[in-house]
Amino acid sequence: MKILVTAKRVEDPESKIKVKTDGSGIVQEGLKYKINPFDEIAVEEGLRLAAKHGGEVVVVSIGPKEVQEQLRHALAMGATKAVWVNHAGALDPMSAAALLKGVIEREKPDLAILGKQSIDDDQSQTGQYLAEWLGWSQGTFASKVESLESDAEKAKTPAIQIAADGKSAQVVREVDNGLATVSVKLPAVVTTDLRLNLPRYASLPGIMKAKSKPIEELTPAALGVDATPQVEVVKMSAPPPRKAGIKVGDVQELFTKLKNEAKVI
Amino acid sequence: MSTVLIVAEAQPDGQLRKATLNAVAAGKDLAQKVGAPLHLAVLAQDPAKLAETLKPYGAAVIHTVASPAFAHYVAESFAPAVAALAASIGADFVGAAATAQGRDLLPRVAAKLKAAMASEVTAFGGSGTDITFTRPMWAGSVIAEVKLMTPVKAFTVRATEFSAAEPGGAPAEVKAFQPPAEVASSPTQFVSFNEVKSARPELTEASIVVSGGRGTKGDFKEIEALADELGAAVGASRAVCDAGWVPNDYQVGQTGKVVAPKLYIAAGISGAIQHLAGMKGSKTIVAINKDPEAPIFQVADYGIVADLFKVLPELRAAIHAAK
């Protein structure tokens, strides 16, 4: 089967994000960039499915030439080939979905796996827009019943269950108050939640091999997409700081403060 | 004529999900700023009872949308109905609570309506046609004001940021809306729901939350005992959910639940930014951690550097004795 996965370039989740004093954006100096952690989970799931069912994993990223680092990362993990949509400037979920739709119509995968959200915008929309515009099933927030320390995880078993006839797949979704299982008709869009899998590290041979794997370059124009963002950020600011708290010496003092000062118990 | 449409949500047991009332309050606020009436949509096999429940909460019109296809929620059944309703009433704002269902459904509705969308909105600004949506980015490290440039605008609201709507005022008019045939031909089928049953309050609705982190080493007995003494919900950091020590549903953070209770007790939680994003709106925060350098202390109103297995039983005994 052919699986398409995404690899958005985002700020390292460990970095401290600071807002520029004029509110026009975030301070870029000193920031490190990574593949969106949810996309890395998508790449891993794609690789596991390809290992089990045979086939190839195509990784896509949208952005300036720097996103090739994230594509190379996914190739080093084991993806077969990469598509780079060369695009400068702001990207919103609608534009990302429109561009991905264009790539999918060329690549014709059986399954598209995306991170459920990117850790910069935190919108969690692209997969759903994409599924609707393709007229496909969506299985968002994909997770699994087994924990990340289970034997199934250690054996790198894919969590997405492809039906024997290859026409549908079962996806376990992380929802409020539990796990919901749905059957999606293939082709489908799946978006990954945190506990779908633990992504592998790229091996040294993997990194070497990735250097010679192909990266195809496309543009919004070539895909016939107007990528003008429809979500316009007017202003950014830092959240109001919490006032400094105090350390208490013992439990009795804590209890007294909670009861008489904060009046919360 | 401008209209704000809020999609109500039923729990699997058929009852109204409480976050809907927070979304209704948000919808009222927006409707007032835009100068538009507030409409609600109730989708269910038999929506009459939910519509009745919602009648006194201040909406002008409640649209009931009935179909056997709505027995179990799937986006591909619900989205065509919401989009068709929004188009038929000329809604230019379509929203819902940022629950798992709202986050799954609204982008699909937005896609049908070619609407841009703002997720997890915490406030609305401006007025008339010049509305801005305030929402967190980068796990709450940045608060952004955004504008949606499309004629129809979609959003989800963070329930903890809007006080639940109160009943009172003129009852809403209830109208039935006939959903399009498409709702019955979803390519996605519901298979099963594995519910995490708990006698404790729902995490996002509780007024007190007691959370455990890696410091518990997976032993949640003391966390649960204190929670039960306080009538509180139990939460957890990502690490303990990843390890499978507690259900995923307990996770508080950027990618889990966002909570804002009056009291949040973090025991054995270091305070990674992803966790803080989910709880720093709490009114009072208590941190219990053996490591005096743990970042959780930077947001805590009261911190205690000690072993949680010693602190929690003592605190529980003190609370019990004062009852």
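What follows draws every value from the coordinates through simple rules; no lab data is involved. No experiment lies behind these values; they were computed from the predicted model shown. Cβ coordinates were reconstructed from backbone atoms using ideal geometry, including for glycine residues, and neighbour counts include every protein chain displayed.
Just a few scattered comments:
- Set of segment A:5-29 residues, backbone N closer than 17 Å to the point 7 Å along the Cα-Cβ line of B:Gln298: A:12-20, A:27
- Among the listed pairs A:Lys8/B:Lys28; A:Lys52/A:Lys185; A:Lys101/B:Lys175; A:Lys144/B:Lys283; A:Lys247/B:Lys283, those beyond 29 Å (Cα-Cα): A:Lys8/B:Lys28; A:Lys101/B:Lys175; A:Lys144/B:Lys283
- Rounded to the nearest 20, the size of the Cβ-charge dipole of the protein assembly as shown about its Cα centre is 400 debye, with Lys and Arg at +1 and Asp and Glu at -1.
- Restriction of the trypsin sites (Lys or Arg not before Pro) in segment A:102-193 to DSSP coil positions whose beta-carbon has at most 16 other beta-carbons within 10 angstrom yields A:Lys156, A:Lys167.
- Placing +1 on the Cβ of every Lys and Arg and -1 on the Cβ of every Asp and Glu, with nothing else charged, gives segment A:63-220 a dipole about its Cα centre of roughly 640 debye.
- Among B:Leu263, B:Leu21, B:Leu38, the residue with the largest mean-square fluctuation in a Gaussian network model of chain B, with springs joining Cα atoms closer than 10 Å, is B:Leu263.
- Using R0 = 22 Å, the C-beta based FRET efficiency linking B:Glu166 and B:Gln32 works out to 0.90.
- Geometric descriptor of segment A:1-127, per residue, is 100 Å³ (volume of the convex hull of the Cα atoms).
- Residues whose placed amide H lies under 5 Å from that of A:Ala262, excluding near-sequence neighbours: none
- Tail weight of P(r) past 37 Å, computed on alpha-carbon pairs of chain B, percent: 22
- Shape box of chain A [Cα atoms, principal axes, largest first, Å]: 65, 46, 40
- Taking 0.36 nm per residue of sequence separation and removing the Cα-Cα distance, the B:Ile319/B:Ser185 pair yields an extension gain of 42.7 nm.
- Dipole of the protein assembly as shown computed with +1 at Lys/Arg Cβ and -1 at Asp/Glu Cβ about the Cα centre; of A:Ala180, B:Thr53, A:Phe255, farthest Cα towards the positive end is A:Phe255.
- Rounded Å value of the spacing that divides the Cα centres of segment B:209-259 and segment A:171-208: 23
- Angle in degrees between helix B:75-89 and the longest Cα principal axis of chain B, rounded to the nearest 10: 50
- Helix A:68-77 vs. chain A, principal-axis angle (Cα, 0 to 90°, nearest 10): 80
- Top positive-direction residue, dipole computed over segment B:4-184 with Cβ charges, set B:Val157, B:Ala144, B:Ala44: B:Ala144
- Electrostatic dipole magnitude of segment B:208-322 [Cβ: Lys, Arg +1; Asp, Glu -1; Cα centre; debye, to 20]: 220
- Here r is the Cβ-Cβ distance between A:Ser212 and A:Leu31 and R0 is 51 Å; the resulting FRET efficiency, rounded to 0.05, is 0.95.
- Approximate shape of segment B:208-322 as ellipsoid semi-axes (Cα gyration tensor, √5λ), whole Å, largest first: 19, 15, 14
- Over all distinct Cα-Cα pairs of the protein assembly as shown, the Kirkwood formula returns a hydrodynamic radius of 24.6 Å.
- With helices as the sole contributors, chain A gives -7500 deg cm²/dmol at 222 nm; each DSSP H run of n ≥ 4 counts as -39500 (n - 2.57), and the sum is divided by every residue.
- Angle in degrees between helix B:100-112 and the longest Cα principal axis of chain B, rounded to the nearest 10: 30
- Amide H within-cut-off set for B:Gly244, under 5 Å, with H built and near neighbours excluded: A:Leu148
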